[in-house]
Every structure is written in structure tokens, then in C-alpha cells.
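Trainee: The structure's right below; bear with me while I get my questions together.
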Amino acid sequence: MTTHKILPELEPKRKLYIETYGCQMNFSDSQIVGSIMTDNNFEITDIIAEADLIFVNTCSIRDNAEKRVRARLQEFKRYKKMKPGLIIGVLGCMAERLKSQLLEEEKMVDVIVGPDAYRDLPRLLSIAETGQKAINVILSADETYADINPVRLDSKGISAFISIMRGCENFCTYCVVPFTRGKERSRNPETILTEAKELFNSGYREVTLLGQNVNSYQSENGNGFAQLMASVAEIDPRLRVRFATSHPKDLSDELLNTMSAYPNICRSIHLPVQSGSDKILKLMNRKYDRQWYQGRIEAIRTILPGCALSTDIIAGFCSETEEDHKQTLELMEWVGYDYAFMFKYSERAGTTAEKKYRDDVDELVKSRRLKEIIDLQQELSYRSNLADVGKTFEVLVERFSKKSQKELSGRNSQNKMVVFPRHNFNPGDYVNVRISSCTTATLKGEAVI
Ligand code: SAM
Ligand code: SF4
């Protein structure tokens, strides 16, 4: 007698809906999850109501990021009522931080998976399908998902992220990342290059190499980040290369010189400063002071003239005085950032700041300082854009503009958004655009034909 085995591929595919919160790293991880799940007979849907499985890839960096996810989980109850077999999974940093506590607090959740356990998803789902709760939050010292080819979700096929390392061991005192993402580890360079080449060959024209601190990338053969950047840039001059994030303590001249040698490495550096006060930088355990940071900015200006600078700033960290805050504003002026991500300090359980310092800046004072920082940045961004009026930039077209099908939008090497009339150009084209006007957020111009 022959037994008939139903091959998994012959079963109808089930539908997975993934929602992602937080940093670019999380978006990149969701693509790895997408790949693991499509290999296991799921297909991805962007219609939540038809999903058999909902994943939320979460962020823990600030309290409000977690609150948003909790509120969203409440909304999922409705879908579970409509479809009783529906499985809900919480992935990423919140899963890692809260572990089984999250299963107790949020009854609608079936599966909890930390950022290093995505390969275990098929097994965890088979447990959840029997009605039991399933959890894996084991952190790994070596998981890089190097062999997994990410499924490109929500992408227009022009620009892609490539994760080159995972984890962080810098232990800035305010930050939860070392606890939720574990030890720092670098991905093997061959797999990074293969992924970048495949993206280029399938029409992508920009890759962003991702890690919490890309400057400390180290391959097994001892090559560092500058060599990796050079190898990716050499794939093709038409492939733009970006990276995020650099830690100021180890942004090297070697990297700046490599950038200068390759025009397709974009002239834009994100260099989070966090604060302009030496006292606060020390309490944050950032391992550089204001003078060091200014020295790095001067090196960028010398080696890479015209390079755009962006940053992250935290307002109202423990014991921050008006004088400390003023120093942050002054440093922002001195650098003249083109762009910034600005946050109010949010205390995170388990961090050194939570254990050792008092979160003693009044909420209203934090809000006022953050507003002053944002207002100044608006002015700096506008000034920087105004200085570009009259210049011509090479723009990589990404899409039709939000306002009109007759306009295209894309970025210049400095990562500024440029909008211009379409003519016969299309997404993926490189177009020289002469800038004629600007707002705080956008440059506007005409193609130079
Ligand atoms: N690894 C990157 C670095 O060090 O530059 C940044 C990673 S983190 C996802 C992005 C930003 O979130 C940080 O640069 C910091 O400004 C902000 N951040 C981290 N922890 C925070 C906290 N507890 N409260 C407010 N902002 C925080
Ligand atoms: Fe967090 Fe600091 Fe690591 Fe960035 S470098 S992820 S801020 S601990």
C-alpha cells in the first residue's frame, strides 16, 4: 500500500501580514522574517483582514514606541474575533525586553520571538497552532541571517537596506538596544557583496549598509568597514552606497578617505551627537567629548567638502541643566546640521541610567527644550536648503511625487529630497536637476537636459 504524503507546497498558502515599527534595522529584519515565512508556505499580504497570521515587529527604544504597539495589539482583537484561528506574533525588541510578561499582559498574543530567533518561527507557529503559547527570546552570539535572502517588502525597487551587522555593545547608559539585540557581530562580507550585486542586477540603484555602529564592522579576515564600503562601491559606479549609523567615537579618517575616493558613496553622514555638553556625554557613556566630536566634523569638512551632516539629539537627559541644553543648541549651530532626529529622554528599565541616575528633568522642561531643539533644526535645515538654490545635483529618481503624477521625486547624494517636473524620466534614472526653490524639507528644481 502506498501512503500519500501531502507535500507542504501543495497545501494552499496561508497569508502573513507584517507591521513594522522603529528603526531601519527592524524593517530589514521584517524582510528576513518574510523570507523565512515564504519558504514555509506563507504568502505576504498587505490586507490585514485576510491574514491568517499577523506579526508586529516592535521597537523598545522609547516608552511611546511601546505604547503605540500596545494600542495596536488591542485593535487586533477585532480580527481575532472575526477569524478565531488567527495567530498573532510579537517580534523584535519588545518581545526580547518583556519576554513572557508580554504573554501575560496581552492575552491576544500567541507567539513571542526575539530578534535572534527568527529561524525558529516555523516551529513556534506549529506550537501556536495547537492552541499553546510559544516563545523564543534566546539571543545569539553569532546569528547574522547571512544566508537568508530578504524578501523586499514595500519597496519600489530602487533603494534597499542591507544589514551588515547585528547587536551593540556600546552600552550608552540611556539605551535599551544592547539588552534587546545582544552582542555585536558582523556578517560575512561575501554574502553582503552577493546581496548588493543581486540587488543591482535586478534594477536597484542604491543600497544602505545598516548596523548600530557600522564603523566597528570587522570581517573574519580582519577587513574593516572602509574596505567593505570600497568593495560595495566597486560593484558598479551606478550603484549608490549609503550607511547608517556611525558612532562618533570611531568614525575614522580611513573611512572618510574611502568615501572621497568613490563618487558613488553618498556625501551624507549621520553622526548622532546626543548632547553638546561634556558632562552629559560622560553620563551617557558616549566615550567622546564635544572637542572630539567637533574634530570629527572638521575632518569631514576637510576630506569631504559638501558632505551633508545629520544627527540624533536627546533632550532632558538625567541632570541636564539649562547650561547643558544651551551647549547642545550651540553645537547644533556650529555644525549646521542638515537634518536631525530629536527626542525627549525616556527612561528604560534595566539601563544604567535607570539604575544609577534620577530622571529628574521635569516633563514640561523636557518638552520645552525639545521644542527649542526642533525649532532651531527647522531653521538650520531651511538655511542649508536655501544655500543649495542655484546649484545642480545628480538626483536618483525614486518615485512620482506625492502631489502630482507630473512630478518626480528622488534624492541627491546629500540625501536631500528633490522634486522636479517629469519630462520623460522614470524611477531609477539619474537626472541632473538645477535647484530653483526650497522648503525646510524639500528642494525643487528643473531637470538640466
Ligand atoms: N546606534 C545608533 C547610535 O548610537 O547612534 C542609534 C540607535 S537608536 C535606535 C536611535 C536613537 O534613539 C539614538 O541615537 C538616541 O538619540 C535615541 N534614543 C536611544 N535611547 C533613547 C532613550 N532612552 N530616550 C530617548 N531617546 C533615545
Ligand atoms: Fe544604543 Fe549607544 Fe548602541 Fe547606539 S551605540 S544602539 S545609542 S547603546
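A short reminder: the numbers here are calculations on the coordinates, not readings from a lab. On a predicted model such as this, the values are computed, not experimentally measured, just so you know. Cβ sites come from the backbone with ideal geometry, for glycine too, and all protein chains shown count toward neighbours.
Trainee: Roughly speaking, what is the centre-to-centre gap between segment 49-120 and segment 280-342 when only Cα atoms are used, to the nearest Å?
Mentor: 36 Å
Trainee: Can you give the alpha-carbon Rg of segment 266-342 over 2.2 N^0.38 Å, where N counts its residues?
Mentor: Against the compact-globule rule of thumb, the ratio is 1.07.
Trainee: 5 Å is the cut-off here: which amide hydrogens, built 1.01 Å from N in the peptide plane, fall below it relative to THR311, excluding neighbours closer than 5 in sequence?
Mentor: Those qualifying (amide H under 5 Å, at least 5 residues apart or on another chain) are LEU271, TYR339, ALA340, PHE341.
Trainee: Which loop-located trypsin sites (Lys or Arg not before Pro) does segment 357-449 contain, where loop means any DSSP state but H, G, I, E or B and the Cβ has at most 14 other Cβ atoms within 10 Å?
Mentor: For trypsin sites (Lys or Arg not before Pro) across segment 357-449 that sit outside H, G, I, E and B with at most 14 neighbouring Cβ atoms in 10 Å, the list reads ARG358, LYS391, LYS402, LYS403, LYS406.
Trainee: Pull out a ≥ b ≥ c, the square roots of the eigenvalues of the alpha-carbon gyration tensor of segment 105-217, then state rounded if a/c is under 1.5, prolate if not and a/b is larger than b/c, and oblate in the remaining case.
Mentor: oblate
Trainee: Got a sec to turn the phi values of segment 66-71 into Karplus ³J(HN,Hα) couplings, 6.51 cos²θ - 1.76 cosθ + 1.60 with θ = phi - 60°, whole Hz, x for Gly and Pro?
Mentor: Working through the residues one at a time gives 5, 4, 4, 5, 4, 5 Hz.
Trainee: Moving on. Just the number, please: percent antiparallel of the DSSP beta bridges in the chain, rounded to the nearest 5.
Mentor: Percent antiparallel among DSSP bridges in the chain is about 35.
Trainee: Then there's this: Give me the number: length gained by fully extending ARG238 to GLU169, i.e. 0.36 nm times residue separation minus the C-alpha to C-alpha distance, one decimal in nm.
Mentor: Additional length available on full extension: 21.4 nm.
Trainee: Could you please tell me the mean projected area of the C-alpha convex hull for segment 355-449, averaged over all directions and given in square nanometres to one decimal?
Mentor: Taking a quarter of the hull surface, the average projection is 8.8 nm².
Trainee: If you stretched the chain out fully between SER140 and GLU11, how much longer would it get, using 0.36 nm times the residue separation minus the C-alpha to C-alpha distance?
Mentor: Going from the current span to full extension adds 43.1 nm.
Trainee: Calculate the spin-label point distance for GLU220 paired with THR352, positioning each point 7 Å from the Cα along the beta-carbon direction, and give it in nanometres.
Mentor: Output for this residue pair reads 3.3 nm.
Trainee: How big is the charge dipole of segment 249-313 about its Cα centre, in debye rounded to the nearest 20, if each Lys and Arg gets +1 on its Cβ and each Asp and Glu gets -1 on its Cβ?
Mentor: The calculated dipole for segment 249-313 is roughly 200 debye.
Trainee: I've got another one for you. Which entries of LYS197/LYS416; LYS15/LYS107; LYS81/LYS402; LYS156/LYS444; LYS183/LYS282; LYS156/LYS326 show an alpha-carbon separation above 30 angstrom in the structure shown?
Mentor: Going by Cα-Cα distance, LYS81/LYS402; LYS156/LYS326 fall outside the 30 Å limit.
Trainee: Can you list residues whose amide H is under 5 Å from GLU398's amide H, if they're 5+ apart or on another chain and H is modeled 1.01 Å from N?
Mentor: Amide H to amide H, under 5 Å and 5 or more residues apart or across chains, GLU398 pairs with SER409, GLY410, ARG411, GLY428.
Trainee: Suppose R0 equals 45 Å. What FRET efficiency, 1/(1 + (r/R0)^6) with r the Cβ-Cβ distance, do GLU198 and LYS406 give to the nearest 0.05?
Mentor: Taking R0 as 45 Å, the efficiency between GLU198 and LYS406 is 0.85.
Trainee: So, one more: Sort segment 301-388 into rounded, prolate or oblate with this rule: let a ≥ b ≥ c be the square roots of the eigenvalues of the Cα gyration tensor; rounded if a/c is under 1.5, and if a/c is not under 1.5, prolate when a/b is larger than b/c, oblate otherwise.
Mentor: prolate
Trainee: May I ask you to order 123-130, 239-246, 144-151 by the average number of other C-beta atoms within 10 Å around their residues, highest value first?
Mentor: Final packing ranking: 239-246, 144-151, 123-130.
Trainee: Rank the residues SER275, SER401 as a footprinting-exposure proxy: fewest other Cβ atoms within 10 Å of their Cβ go first.
Mentor: SER401, SER275
Trainee: Counting other Cβ atoms within 10 Å of each Cβ, which GluC sites (Glu not before Pro) in segment 199-285 have at most 16 and sit in a DSSP loop?
Mentor: Answer in residue order: GLU220, GLU234.
Trainee: Moving to a separate point now. Search the structure for amide H atoms under 5 Å from the amide H of PHE243, placed 1.01 Å from N in the peptide plane, and list their residues when 5 or more places away or on another chain.
Mentor: Close amide H contacts, sequence-distant or interchain: LEU209.
Trainee: Also, quick follow-up: Using the basic label-point model (7 angstrom from Cα toward the beta carbon), what is the GLN291 to ASP63 distance in nanometres?
Mentor: Going from the GLN291 label point to the ASP63 one covers 3.8 nm.
Trainee: Could you give log10 I(q)/I(0) at q = 0.07, 0.10, 0.12, 0.13 Å⁻¹ for the chain, computed by the Debye formula over C-alpha point scatterers of equal weight, without solvent?
Mentor: The computed values of log10 I(q)/I(0) come out as -0.39, -0.80, -1.15, -1.33.
Trainee: What's the exposure ranking of THR258, THR194, THR45, going from fewest to most Cβ atoms within 10 Å?
Mentor: THR194, THR45, THR258
Trainee: Between GLU50 and ARG70, what's the calculated FRET efficiency when r is the beta-carbon distance and R0 is 22 Å? Round to 0.05.
Mentor: That pair, GLU50 with ARG70, gives E of 0.35.
Trainee: Over segment 1-148, what lengths in whole Å, largest first, do the semi-axes of the equivalent ellipsoid take, defined as the square roots of 5 times the eigenvalues of the alpha-carbon gyration tensor?
Mentor: After diagonalising the Cα gyration tensor, the semi-axes are 25, 19, 15 Å.
Trainee: Quick one: which of 435-443, 80-88 comes out on top by average Cβ neighbours within 10 Å, and what's the full order, highest first?
Mentor: Ranked by mean Cβ neighbours within 10 Å, highest first: 435-443, 80-88.
Trainee: Quick one: Karplus J couplings for segment 222-235, per residue in order, coefficients 6.51, -1.76, 1.60, θ = phi - 60°, nearest Hz, x for Gly and Pro?
Mentor: x, 6, x, 5, 4, 5, 4, 4, 4, 5, 5, 5, 6, 4
Trainee: Once you have a ≥ b ≥ c as the square roots of the Cα gyration tensor eigenvalues for segment 220-289, tell me rounded if a/c is under 1.5, and otherwise prolate or oblate according to whether a/b is larger than b/c.
Mentor: Taking the square roots of the gyration eigenvalues as a ≥ b ≥ c, segment 220-289 is prolate.
Trainee: For segment 380-397, take each phi angle, set θ = phi - 60°, evaluate the Karplus expression 6.51 cos²θ - 1.76 cosθ + 1.60, and give the result in whole Hz per residue in order, putting x for glycine and proline.
Mentor: Whole-Hz 3J(HN,Hα) from phi for segment 380-397: 5, 5, 5, 4, 5, 5, 4, 5, 8, 5, x, 8, 10, 10, 7, 10, 8, 6.
Trainee: Label-point separation (nm) for TYR430 and THR392, each offset 7 Å from Cα along Cα-to-Cβ?
Mentor: In this crude label model, TYR430 to THR392 measures out at 1.4 nm.
Trainee: Top mean-square fluctuation among ASN136, ASN41, ASN26, Gaussian network model of the chain, C-alpha springs under 10 Å?
Mentor: Looking only at ASN136, ASN41, ASN26, the largest GNM fluctuation is found for ASN41.
Trainee: Shifting gears a bit: Once you have the alpha carbon radius of gyration of segment 291-449, what is it after dividing by 2.2 N^0.38 Å, with N set to its residue count?
Mentor: Taking the Cα Rg and dividing by 2.2 N^0.38 Å, one obtains 1.28.
Trainee: Per residue, how big is the convex hull around the C-alpha atoms of segment 231-360? Give it to me in cubic angstrom, could you?
Mentor: 115 Å³
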